[in-house]
Amino acid sequence: MKRITVDDLLKNEKVLTYIKKADEQLEAMGYTEHGLRHVTWVSKRTGYILGSLGFPERVKELGEIAGLLHDIGNLVNREHHAQVGAILAGKLLEEMGMAPLEVADVMMAIGNHHEEDGFPSSVISGALILADKADVHRSRVRKMGNIWENLKVDIHDRVNFAATKSKVLVKPEDRIISYYIEIDTSIAPVVEFFQIFLSRVLVAQRAAKPLDAKFELYINDTKMI
């Protein structure tokens, strides 16, 4: 069996095609960016969380793989994209020669990353959820037409565009995972963040538990959770 890494996936034409087409599907539906920028961002931060908390290097690598592949299910349909993505990812990884146990760990994480129907059942799934839900940033807003007119009517774009900075910080000694988000309140009030992201914040709290960690949220340097 091969030791597959993110670098191997980024050289795989099928993987890159699935990521690209999945994002095109969401673009057509009016969703924010879910392409290579997003999944690479999530991949790196999933690995960062696992590595910072002292999990083995291979667990960190599997988390990075799950992060890169977590949204490919959008290629088929937005509904149940986590579960569909898990199956697609499993097939891809098997084709590349990954060991069945590792394939299963990645599939479990991907299949549970969505806040509406997922459950953080492993350290990899917990880290993936925390990384994915932290990506709130104006770079995710697609530049289509008059962006300022669109921001008036689309709360998701408005909140993402208002988020000028977004980062994940792990304090290993205290086992605390924190989101630090800066919101330009001249674009969107903080309450609008919670209008659309409350479910993500709640699943992030749950996701910290299998990592034996605690979750904190800071917005504009004020601790919210």
Is it fair to say I129 is surrounded by fewer than 24 Cβ atoms within 10 Å (Cβ to Cβ) and over 19 Å from E24 (Cα atoms)?
-> no
Here is a list of conditions, (1) of a type in the set (A, V, I, L, M, F, W, C); (2) over 18 Å from the mean Cα position of the chain (by Cα); (3) farther than 22 Å from K209 by Cβ, and L26 meets all of them except one; can you say which number that is?
-> (2)
Within segment 95-121, residues being under 20 Å from A204 (Cα atoms), of a type in the set (D, E, K, R) and crowded, with 17+ Cβ neighbours inside 10 Å number 2
Filter pass, R3 being part of a loop (DSSP other than H, G, I, E, B), farther than 28 Å from I196 by Cα, touching a helix residue (DSSP H, G or I) at 6+ places or on another chain (Cβ under 9 Å) and not aliphatic (A, V, I, L, M) | yes
Filtering segment 157-185 down to residues that are among the aromatic types (F, W, Y) and modelled with pLDDT of 95 or more, which residue is surrounded by the fewest Cβ atoms within 10 Å (Cβ to Cβ)?
-> Y180
Count of segment 186-212 residues which are in contact (Cβ under 8 Å) with a residue 40 or more places away in the chain, of a type in the set (A, V, I, L, M, F, W, C), more than 16 Å from R138 (Cβ to Cβ) and surrounded by fewer than 16 Cβ atoms within 10 Å (Cβ to Cβ) | 1
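Residue by residue, here is whether (1) aliphatic (A, V, I, L, M); (2) touching a Pro at 6+ places or on another chain (Cβ under 6 Å); (3) free of Cβ contacts under 8 Å to residues at least 60 places away in the same chain; (4) buried (at least 16 other Cβ atoms within 10 Å of the Cβ) holds:
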position	(1), (2), (3), (4)
I4	yes, no, no, yes
L10	yes, no, yes, no
E33	no, no, no, yes
R45	no, no, no, yes
L50	yes, no, no, yes
R58	no, no, yes, no
L75	yes, no, yes, yes
E79	no, no, yes, no
L93	yes, no, no, yes
Helices (runs of 4 or more DSSP H) lying entirely in segment 7-105 (those with 2 or more residues that are at pLDDT below 95) | 13-29
Restricting to helices (runs of 4 or more DSSP H) lying wholly in segment 110-222: which have 3 or more residues that are acidic (D, E)?
-> none
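The values are calculated or read from the model by the stated rules, or taken from the named source; none is laboratory data. A quick note: this is a predicted structure, and the numbers were derived from the prediction, not measured. Ideal geometry is used to build each Cβ from the backbone, glycine not excepted, and the neighbour counts take in all protein chains shown.
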